[in-house]
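Comments concern the structure below.
The values are calculated or read from the model by the stated rules, or taken from the named source; none is laboratory data. All values reported here derive from a predicted model rather than from experimental measurement. Glycine also receives a Cβ, built like all others from the backbone with ideal geometry; neighbour counts cover every protein chain displayed.
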Amino acid sequence: MIVIAAFVVAGLLIGSFLNVVIARLPEGRSLVRPGSACPGCGAAIAWHDNVPVISFLALRGRCRACAMLISWRYPLVEAVTGALFGAAALAFGPTLDAAVASALLAALVAITLIDLERQIIPDAISLPGILAGLLANLATGRVSWLDSVLGIVVGGGVFLAIAVVGSWLAGQDAMGGGDIKLAAMLGAFLGWKVLLLSLFVSAIGGGILAALLMGSGLRGRKDPLPFGPFLAAGGAVGLFWGERMVRWYLSGFGGS
Ligand SMILES: [Zn+2]
């Protein structure tokens, strides 16, 4: 219980940092300096007004200096990250596995928000992420090194193939290079078997939402729908339930 609470608090604090990453990393700005300031009036935000979620509620979502509305996205990112870290502690116990899972989840939260906002997945997260996934598995032994390397190859390869065939068929970029590197990163962390399951979950989720959006006329066939958030969600599903689902599948759907 204490472990889970500690992970939730760590997640809230990391979530607060992720808000900085999401806003600054794509623009190449420093993640450390300057400190947080109101985008409206430029007033520096004191530490006691920067407590995850709580400050947002205490200030009723407004800047203390100029009363400009603060986006609900900030406390949402903090709360979601806190919840995901707590879930990792619940699923993996007080282990290095839980810390690795939390690191992956933090990267996926940042990637999701950046891709939704700007339709890019920064190499600064996905490329070190590939190496981090492999090294983490070498340290924990959760996924064998071969399984992890194959995950990188399969993740990168599948999406490279989709990108090549897509641009050949449609004459446009069906799949961005960012998706290729994100899939390779997921493969490094999850291993190739769980990765395939994650890709399957992503494709189903993305396909259903795309069909709904097109069917409802909210989006046309040509409007791009960023795939990164679906990959991230599929990766999280694989992280928490992948091994169980792969075992169930290999055992013949739980039959005798
Ligand atoms: Zn302000």
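Descriptive notes on the structure:
- Filter result for LEU135 (aliphatic (A, V, I, L, M) and modelled with pLDDT under 95): no
- Top-ranked residue in the range 37-63 [being out of contact with any Gly (no Cβ under 9 Å at 6 or more places or on another chain) and of a type in the set (A, V, I, L, M); ranked as nearest to the ligand (Cβ to nearest atom)]: ALA43
- Which listed residue is in contact (Cβ under 8 Å) with a residue 12 or more places away in the chain, within 16 Å of ILE45 (Cβ to Cβ) and among the aromatic types (Phe, Trp, Tyr), from PHE56, PHE85: PHE56
- Selection count where residues are under 13 Å from SER36 (Cβ atoms) and under 27 Å from the mean Cα position of the chain (by Cα), scope the range 56-70: 2
- On inspection, PRO94 fails the criterion of being within 25 Å of GLY235 (Cα to Cα) and either within 16 Å of the ligand (Cβ to nearest atom) or within 18 Å of the chain's Cα centre (by Cα) (or both).
- Qualifying residue in the range 151-171 (condition: within 18 Å of the chain's Cα centre (by Cα), modelled with pLDDT under 90 and in a helix (DSSP H, G or I)): yes
- Filtering the range 96-140 to residues that are over 20 Å from GLY155 (Cα atoms) and without any contact (Cβ under 8 Å) to a residue 40 or more places away in the chain leaves only ALA99.
- Filter result (surrounded by 11 or more Cβ atoms within 10 Å (Cβ to Cβ) and within 16 Å of the ligand (Cβ to nearest atom)) within the range 20-36: ALA23, GLY35, SER36
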